[in-house]
Amino acid sequence: SRDPGPPKLVLRHTGATCAHIAGKTGRRPAQPHAARRTPTAAAMEEPPRHEDHEDDAIVARAHARWGPRGWSSNVMDVTVESDRKMSDATWRAGATAVVRVTLADGNCYHEDVGHATATGRDREEALGAAKAAAVKDGKRRTLRCFGDLAAAPSPVTAA
């Protein structure tokens, strides 16, 4: 069986959903497109640190824009990309997560891929931290599709 590669993200907007998105976000969505993105080698090595308070601020801005019940996020897929034991007896893991953010009426959603690496004392600790950080990164990237809710750099590293 052939490896299909990274997930393909496809966003499709009809005229009605374009008008709906423009009403909710104040701007028109991008033209329908398909995008394929994979982490770069530089991103896999030493990505910048990401603080939890930035995620809290992004969620607070989403709540301010749509209300706490005006949107939801779902984790569609989490994949472990790598895990290896380092020379200092710690483990390093990398993960990706596909996250979908849907507005309350269900007619408008975006999906994006988050990526993160993490280190830990054992394999399970590193994998758990990488998966959690990848989901946070995916949510932040997906919310950014709706407008200027998030401006933080990516990818994410959890320590």
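The values are calculated or read from the model by the stated rules, or taken from the named source; none is laboratory data. Predicted model only: the values in this text are computed from it and were never measured. Every residue, glycine among them, receives a Cβ derived from its backbone with ideal geometry; neighbour counts consider all protein chains shown. The area values use the complete protein model at the heavy-atom level, side chains included, leaving out ligands, DNA and RNA. Shrake-Rupley method; radii C 1.70, N 1.55, O 1.52, S 1.80 Å.
Applying the selection to the range 113-136, what residues are small (Gly, Ala, Ser), out of contact with any helix residue (DSSP H, G or I) (no Cβ under 9 Å at 6 or more places or on another chain) and more than 11 Å from residue 80 (Cβ to Cβ)?
Of all residues in the range 113-136, those small (Gly, Ala, Ser) come to 114, 116, 118, 120, 126, 128-130, 132-134.
Filter once more, keeping what is out of contact with any helix residue (DSSP H, G or I) (no Cβ under 9 Å at 6 or more places or on another chain): 126, 128-130, 132-134.
Once the filter is applied, which keeps residues that are small (Gly, Ala, Ser), out of contact with any helix residue (DSSP H, G or I) (no Cβ under 9 Å at 6 or more places or on another chain) and more than 11 Å from residue 80 (Cβ to Cβ), the range 113-136 yields 129, 132, 133.
List the strands (runs of 3 or more DSSP E) inside the range 85-159, counting only whole elements, that have at least 2 residues being at pLDDT below 90 and open to solvent by 10 Å² or more (accessible area, probe 1.4 Å). Reasoning before the result, please.
Values: elements: 91-103, 109-120, 156-158.
Once the strands (runs of 3 or more DSSP E) in the range 85-159 are filtered for at least 2 residues that are at pLDDT below 90 and open to solvent by 10 Å² or more (accessible area, probe 1.4 Å), what remains is 156-158.
So which residues in the range 58-84 are open to solvent by less than 70 Å² (accessible area, probe 1.4 Å) and of a type in the set (D, E, K, R), if there are any at all?
Result: 83, single match.
Go through the range 97-114 and give me each residue that's in contact (Cβ under 8 Å) with a residue 12 or more places away in the chain and of a type in the set (Gly, Ala, Ser). Full working, then the answer.
The initial filter retains those residues of the range 97-114 that are in contact (Cβ under 8 Å) with a residue 12 or more places away in the chain, namely 97-105, 107-108, 110-114.
Scanning the range 97-114 gives 97, 104, 114.
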